[in-house]
Amino acid sequence: MNNAMMNRIVDALLSGAIVTIEVSLGALALAMAIGLTLATIDNLARARATAFVIRVYVEALRNVPSLTFLFLLYFGLAALGLRLSSLTAAIAGLGMIGGAVVFDIFRAGFQSVPKGQSEAAAAIGLKPLAAFRLVILPQGLRLALPPLGNYAVGLVKDTSLVAAIAAPEVMFNARQIVNETFATAWVYGAAALLYLALTFIVGQAFVLFERRLEY
Amino acid sequence: MQFLETILANLADWAPRLSEALVTSLALTCAGFSLALVFGLSIEYFRNRSAASIRLIANVYVAVARGVPILVILYLIYFGLPASGIVVSAFAAGTIGLALVYGAYLSEVFRAGLGVIPRGQREAALAAGLTPAQTFRLVMLPQAIRHMLAPLLVNLISLLKDSSICALIAVPELTLTSRAIMSESFLPLHVFALTACLYFAMAWPASLAVRLVERRLARGPTRWRQPDAEANLLVQSI
């Protein structure tokens with residue numbers, strides 16, 4: 001393998017890594033927004049119907065493969081005349097699926113906060129919303145952090161799927177450069193190391209964050 | 001309504017191909033999961049018993065398999081191996097790739113499940129003259145299985161969903177077939193909605209079963225409770 005080829009491979013993978021990070025961050029932000037909103041509504045709303053609607057959303061998205069959902073979003077919406085760019089479809093698709101996962105994480109976190117906490121908050125005269133915001137939310141968030149870390153690591157890995165809808169991330173670029181150079185094992189091996197580094201960094205970031213939040 | 005009518009009108013054409021693809025998806029899932037069970041148990045075995053170097057290799061393997069996307073591993077097997085002279089069929093590559101990754105996940109399930117059982121059980125069995133293999137089969141496994149049932153099912157569901165990734169190495173399973181149908185019929189929304197429903201029909205009952213098992217276990221007599229270990233386990237496999 002000569003130097004010029006090596007440079008091209010490194011360039012392709014690094015520019016892919018930037019897109020991978022963009023998609024990961026975008027999808028993570030969207031997933032957190034959807035998940036936290038739904039979990040808050042689920043915690044505060046008393047109506048059966050709201051809980052049911054949220055449940056339908058969560059069950060539907062958690063029991064369908066990410067790739068199938070991405071295809072549905074990217075090709076399906078295009079047929080309806082709504083043509084998303086591959087990056088938008090990637091972030092929206094992974095974010096919506098992530099929203100369902102994050103909802104379950106937060107719900108479990110809020111439920112793990114001892115019941116006495118919300119009772120005590122009500123007893124000292126906090127309104128339900130204030131009790132949720134000041135008492136349940138901060139404690140639930142801390143409990144949710146370890147599984148959120150696992151989700152974030154999984155998300156970075158799942159961004160590899162958006163190569164299938166032509167978003168130019170690591171695997172998409174790797175495939176292109178393999179077609180040009182035929183250095184199959186080298187390129188995919190390097191891609192594996194790149195993902196390993198990314199997932200390690202994300203995992204460690206969450207561990208550090210957890211430590212800072214410890215009592 | 002028109003949406004459903006279009007699907008129904010095309011069903012005669014799509015149904016045979018989709019059902020064939022469905023069988024491929026299920027075969028891929030079953031083969032991958034069976035192999036993953038074997039891998040997972042072996043990894044857990046090596047992590048516990050042998051020399052430090054082997055233990056290190058097993059731990060590194062698990063860390064790598066959990067940190068790299070399945071797609072990369074599938075590409076390495078399907079496109080990378082032929083470069084070194086080993087040609088595998090797409091289905092075999094998919095099965096092996098899924099099993100390699102899920103073997104690592106399942107080894108964690110086995111570790112946590114077996115970890116729930118008090119040390120004294122194993123020691124007593126060995127002291128009573130059972131061989132290590134008998135101890136595992138007759139004493140450890142029957143007690144651990146109830147703790148592992150829910151996380152094993154969760155992993156089976158994930159594996160079913162991840163079998164769709166094998167579409168990208170041209171295994172003719174559900175997602176790839178629906179893509180092929182899409183490019184002939186130009187009805188992407190209809191085809192993928194139908195496919196999503198098919199996956200849902202398989203995965204959702206299993207998800208409900210997980211919740212049922214969890215509720216049963218929460219109620220049943222648990223003599224040695226290690227809620228932390230089990231909770232972590234479920235969370236990991238989410």
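Between the Cα long axis of helix A:137-158 and the first principal axis of chain A there is an angle of about 20°, rounded to the nearest 10. Two tests apply to each whole DSSP H helix in chain B, Cα reach of 15 Å or more along its axis and mean Kyte-Doolittle hydropathy of at least 1.0, and the ones passing both are B:52-67, B:90-115.
Against the main long axis of the alpha-carbon atoms of chain A, helix A:48-62 sits at an angle near 20°.
Residue separation of A:Gln117 and A:Leu80 scaled by 0.36 nm, minus their Cα-Cα distance, works out to 8.5 nm of gained length. Within the same chain, aspartates and glutamates fewer than 8 places from B:Lys161 are excluded, and of the rest, those with a Cα less than 13 Å from its Cα are A:Asp158, B:Glu173. Hey, quick one: spin label on B:Ser89, modelled 7 Å out along Cα-Cβ, who in the stretch B:167-190 has an amide N within reach, i.e. under 15 Å? So the set is B:170-173.
Roughly how tilted is helix A:3-44, in degrees to the nearest 10 and between 0 and 90, from the longest Cα axis of chain A? Roughly 20 degrees, rounded to the nearest 10. Our helix-only sum for chain B, with -39,500 (n - 2.57) per DSSP H run of n ≥ 4 divided by its residues, gives a mean residue ellipticity at 222 nm of -26000 deg cm²/dmol. Think of it as helices only: each DSSP H run of n ≥ 4 in chain A is worth -39500 (n - 2.57), and spread over all residues that comes to -26500 deg cm²/dmol at 222 nm.
Treating cross-link reach as a plain straight distance, find the lysines whose alpha-carbon is under 17 Å from the alpha-carbon of A:Lys115, omitting any fewer than eight places away in the same chain. Partners found: A:Lys127.
Between the C-alpha center of the stretch A:94-158 and that of the stretch B:155-190 there is a gap of 34 Å. With loop membership from DSSP and a limit of 16 other Cβ atoms within 10 Å, the longest segment of chain B without trypsin sites (Lys or Arg not before Pro) is B:1-222.
Throughout, read-outs are computed from the coordinates displayed, never taken from laboratory work. Keep in mind that this is a model prediction, so the values were computed, not measured. Ideal geometry is used to build each Cβ from the backbone, glycine not excepted, and the neighbour counts take in all protein chains shown.
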